[in-house]
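Here is the structure we will look at.
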Amino acid sequence: MTKDIDLAKFLTQERHDIHLVGVAGSGMSGIAGLLLQLGHQVSGSDKSDSLETDRLQTLGLKFYQQHRAADARDAELVVYSSAIKKDNPILKSAQENGKRTVRRAEALAAIMAAKRGILVVGMHGKTTTSAMSAHVLRAGGLHPSHYVGGEIPILGTNAHWDGRGEFFVAEGDESDGTIALFHPEHALVLNIEEEHLDFYADLTAIEKVFRQLLAQTTGKVFYCADEPNATRICRSSDRVICYGLSDEADYRATDIELRDFSSAFSVYRGKEKLGEAVLNVPGEHNVRNALGVIALATELGVVFEKIAKSLTKFQHARRRFEIKYDSPRFLLVDDYGHHPTEIKATLKTARSVGRKRVLTMFQPHRYSRTKALRKEFGRAFDQADRVVITDVYGSNESPMPGVTGQLVVDEIAAHGHCGVSYQPRLEWVHRDVGNLLESGDLVLSLGAGNIHEQLSILAADLVIAEKLKEIVGEGGDVRLYEPLSKHTTLRVGGPAQFWVEPRNETALSELIRFCRRDNLPLFVIGRGSNLLVRDGGIRGVVVHPSGGDFDKIDIHGNEITAGVGAKLKEIAYAARAADLGGLEWMEGIPGAVGGALRMNAGAMGAQTFEKVVRVRYLDGEGNAHDKNRDELEVHYRHFPLLEQNFAVSATFRGSPAPREQIESRLRESQEKRRTTQPIAKSAGCIFKNPEKCPAGKLVDELGLKNSSVGKARVSEVHGNFIVNDGGATATEMLELIDRIKQAAKTKRGIELETEVQIVGEPA
Ligand code: EPU
């Protein structure tokens, strides 16, 4: 085929062999769909496949998941995406062989030229408005063909050729200047703003392209009268029709009632009331978009009743205020908004929904936009209570020095927002936002990249969290991604996927059954005083039995029964109040009953199980059992029963003793602790005492006191304590532990065994 063909005729009246380079993208797949419906032989290549390429293959697309010149040898025409580099093998080979190669927009403009074209343009709202136009014209019986840039469930596919109708509705892409290629009959101009400054020098350059399009528009120009730039640029064209909320608009909306997910308003043409409309997509900006569609459809002869009826049925495009999760407690919404104006509009809508707070996760899109509009981004988040910003999604751009998510955070903070934070790791964004959640929150993900995946993860976890909340009831607590550094005395550790605080045995038992049935790992944590959680945190349910029945201490005669959440220190004091001795050593252990049982904790030469009479626990099925001391197998710092079961309470036996004697033993314990143990943050003793020599003494003799890895340091007070100097990581702790073990082994031939429990996943 020669280069100078009539492309419109070639594409719409003849049948040819056509190849699309970069066919998996949302824009290119639409072209492929149209070409297949027009009867062409269509092949396409892309480095990745997509749901669209799967669907198109069932319609006849020959798909290659790589770009090889040989696969496009027979093609007479090559269509390429703007994301394709000049040195692409298929593109290069086609050009060398004198074949015609066209950009996506050129192909679209040519296909559209075969019909009465309606081009929807503007910086924001194109996909919604072009889809709404196609939907309303379709309902009006006009059989329009369409091409829109997103998945629109109500339209079926993103592009459709309907041989029966005269009209073709398309979304024009202004980002690369290609709207100047179109010669539509009508144009619908939503708004014009500074955008895509990677391509355009300034607003004047943008204006020039829009003015050219308007000059090439043969029919009517519809524009939004509430948009100053659009008004200025469009007003002077012939045959203009404007719409909007302003009194001057030809098509106007009044009495607007913005509801949670819809809007109701009255529509006027001049002084004539056309009727009432209800729109099932939220936000004032969408009322404007709908007015544009009403103006267009009315001028094309569709009666208002039909327009109004179809508007109520219109459903949103994906990623446009798309509800991902909706419960009385939480609402999760995803939106594609990535320009400051869109962000403001979407946040305004989110605010109007009427939930208590709006939490936002935002992924800036493109380095060039982030840099150019950083001031505007700084002012765009006023309506959000909390904002978590991640790093820039580059699209096809290379990074620019200094242009990161931090830049946006700094601008937002400089503007006076107090609730903004930076999370450079995208895969951790859902955690940061999820941990902020309180009942009544709306969470919004914003951005044109892949931030919505983080919201989907949050939504999936929230489904489980809500079930857990139902189990623990009003009195209990459930939190997502709770940092375990807050719940361990060592102050290190990543998050718990689900942090659950039941208050009684029934709730704990139900939790055990739920986790078993749903295959969720379950881990119990007490006061976290003997625990080292790795930096990646713990997947599954982390149960913290505390408060309620779990903190109770009851005394009957010489027996003290305490829930697993009761602090050992409090048991020691309760025993003193009842004049019971023998439990004074508990004063010096920073843990609770659960942990003391699990590891048979000890101090001052005493061990927990020397005083235990009975233990009550739940088995793996959630059934309760009571066992007396003589039925239990116990070792030094090890109680095997609790590896598979869950303690509920324990009964200890004290022996009546004179108050002064108890007081003096308590003082002895306090004194021992004060003089031999560090006060800094630690997990108590790290190693079990080997038979040959206490671990503290050994570490001391090895000369390792005060040695450190990062902020993890061996205490100078006691060699068996590692302290956190502030901000230490689990990785640092583990490395220091390893160094000590190595030294003990090589220098003294002693295998040190950790007493502290090490759990969780690496970061
Ligand atoms: N020692 C040194 N240098 C040191 C530390 C200790 O020479 O840096 C010597 C001491 O002088 C003493 C011996 O090592 O002769 C044992 O030390 P200590 O009396 O402090 O007792 P420990 O065996 O290190 C045990 C428990 C502690 C408990 C204390 C006090 C173990 C692993 N540790 O420590 O429990 O608080 O007794 O009763 O059994 C814990 O389990 O987390 C814990 C802190």
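None of the figures in this text is laboratory data; all of them are computed from the coordinates on show. A quick note: this is a predicted structure, and the numbers were derived from the prediction, not measured. All Cβ positions, glycine included, derive from the backbone under ideal geometry; neighbour counts span all protein chains shown.
Tally Lys and Arg at +1 and Asp and Glu at -1 over the other residues with C-beta under 12 Å from the C-beta of G565: what net charge comes out?
On the way: positive: R503, R527, K552, K567; negative: E501, E505, D549, D551, E570.
Net local charge, G565 excluded: -1.
Projected onto the charge dipole of the chain (+1 at Lys/Arg Cβ, -1 at Asp/Glu Cβ, origin at the Cα centre), which of L77, G710, Q66 gives the Cα projection farthest towards the positive end?
G710
May I ask you to derive the relative contact order of segment 39-190, considering only C-alpha pairs under 8 Å and at least 6 residues apart, and to give it as an integer percent?
Reported relative contact order: 21 percent.
With a ≥ b ≥ c the root eigenvalues of the C-alpha gyration tensor of segment 393-440, is it rounded (a/c under 1.5), prolate (a/b larger than b/c) or oblate?
Since a/c reaches 1.5 but b/c is at least a/b, the shape of segment 393-440 is classed as oblate.
Please name which of G528, Q363, A170 has its Cα lying farthest along the dipole of the chain towards the positive end, using unit charges on Cβ (Lys, Arg +1; Asp, Glu -1) and the Cα centre as origin.
G528
Tell me, how many Å apart are the Cα centres for segment 37-61 and for segment 652-729?
Using only Cα atoms, the two centres lie 68 Å from each other.
Quick one: which residues, 5 or more positions from R527 or on another chain, have an amide H under 5 Å from its amide H? H modelled 1.01 Å from N in the peptide plane, none for Pro or chain starts.
Here the answer is A592, G595, since their amide H atoms fall under 5 Å of that of R527.
Could you rank the peptides 288-298, 678-688 by their average count of other C-beta atoms within 10 Å per residue, with the highest value first?
The densest-packed peptide leads the list: 288-298, 678-688.
In whole Å, what is the distance between the alpha-carbon centres of segment 152-229 and segment 481-550?
Cα centroid to Cα centroid, the span is 54 Å.
Would you mind ranking S45, S456, S485 so that the residue whose beta carbon has the fewest other beta carbons within 10 Å leads the list?
Taking fewest neighbouring Cβ atoms as first place, the list is S456, S485, S45.
Per residue of segment 198-215, in order, report the coupling 6.51 cos²θ - 1.76 cosθ + 1.60 (Karplus, θ = phi - 60°) as ³J(HN,Hα) in whole Hz, putting x for Gly and Pro.
Once rounded to whole Hz, the list reads 6, 9, 9, 5, 6, 4, 4, 5, 5, 4, 4, 5, 5, 4, 5, 4, 5, 5.
Size of the dipole of segment 203-332 about the Cα centre, Lys and Arg at +1 and Asp and Glu at -1 on the beta carbon, nothing else charged, in debye to 20?
460
Could I have the simple spin-label model distance between A215 and D87, label points 7 Å from Cα toward Cβ, reported in nm to one decimal?
3.8
Treating only the Cβ atoms of Lys and Arg (+1) and Asp and Glu (-1) as charged, compute the dipole magnitude of segment 350-496 about its Cα centre; round to the nearest 20 debye. Present the calculation step by step, with values, prior to reporting the outcome.
Details: 18 positive and 18 negative charges, 68 e Å.
Magnitude of the dipole: close to 320 debye.
Rank the residues Y223, Y268, Y243 as a footprinting-exposure proxy: fewest other Cβ atoms within 10 Å of their Cβ go first.
Placing the least packed residue first, the sequence is Y268, Y243, Y223.
Less than 14 Å apart at the alpha-carbon level, and either on another chain or at least 8 residues along: which aspartates and glutamates does that give for K85?
D46, E397
Segment 412-475 to segment 625-650: how many Å between their Cα centroids?
That distance is 39 Å.
Can you find, among I118, H40, V478, the residue farthest towards the positive end of the dipole of the chain? Put +1 on the C-beta of Lys and Arg, -1 on that of Asp and Glu.
V478
With a/c under 1.5 counting as rounded, go ahead and sort segment 54-113 into rounded, prolate or oblate using the C-alpha gyration tensor (a ≥ b ≥ c being the square roots of the eigenvalues; past the cut-off, prolate if a/b is larger than b/c, else oblate).
Verdict is oblate for segment 54-113.
Within the set K567/K705; K672/K692; K126/K208; K611/K745, which residue pairs have Cα atoms separated by over 26 Å?
Result: K567/K705; K611/K745 exceed 26 Å.
Compute the helix-to-body angle for 730-748: its Cα long axis versus the longest principal axis of the chain, expressed 0 to 90° and rounded to tens.
That works out to roughly 40 degrees.
Mind running the shape call on segment 417-557? Use the C-alpha gyration tensor, a ≥ b ≥ c as the square roots of the eigenvalues: rounded below 1.5 for a/c, prolate if a/b tops b/c, oblate otherwise.
Details: a/c = 2.07, a/b = 1.66, b/c = 1.25.
Since a/c reaches 1.5 and a/b is larger than b/c, the shape of segment 417-557 is classed as prolate.
Taking the Cα centre of segment 710-763 as origin, work out the dipole magnitude from +1 charges on Lys and Arg Cβ and -1 charges on Asp and Glu Cβ, in debye rounded to 20. Display every interim value, and only then the final one.
Working: 7 positive and 9 negative charges, 57 e Å.
Computed charge dipole of segment 710-763: roughly 280 debye.
Spelling out what I want: for every residue of segment 421-435, take phi, set θ = phi - 60°, compute 6.51 cos²θ - 1.76 cosθ + 1.60 (Karplus), and round to whole Hz; glycine and proline get x.
Calculated HN-Hα couplings, in order: 9, 10, 10, x, 8, 3, 5, 9, 4, 4, 5, 4, 6, x, 6 Hz.
Sequence-distant or interchain residues sharing an amide H contact under 5 Å with G117, placed H: which?
F168, E185, H186
What does the charge count near Q41 come to, summing +1 for each Lys or Arg and -1 for each Asp or Glu among other residues with Cβ under 10 Å from its Cβ?
Result for the local shell: -1.
Show which aspartates and glutamates lie in cross-link reach of K375 when reach means a straight Cα distance below 20 angstrom and same-chain residues fewer than eight apart are skipped.
The reachable aspartates and glutamates, counting only those whose Cα sits under 20 Å from K375, are E193, E194, E195, D198, D202, E342, D385, D391, D410, E411.
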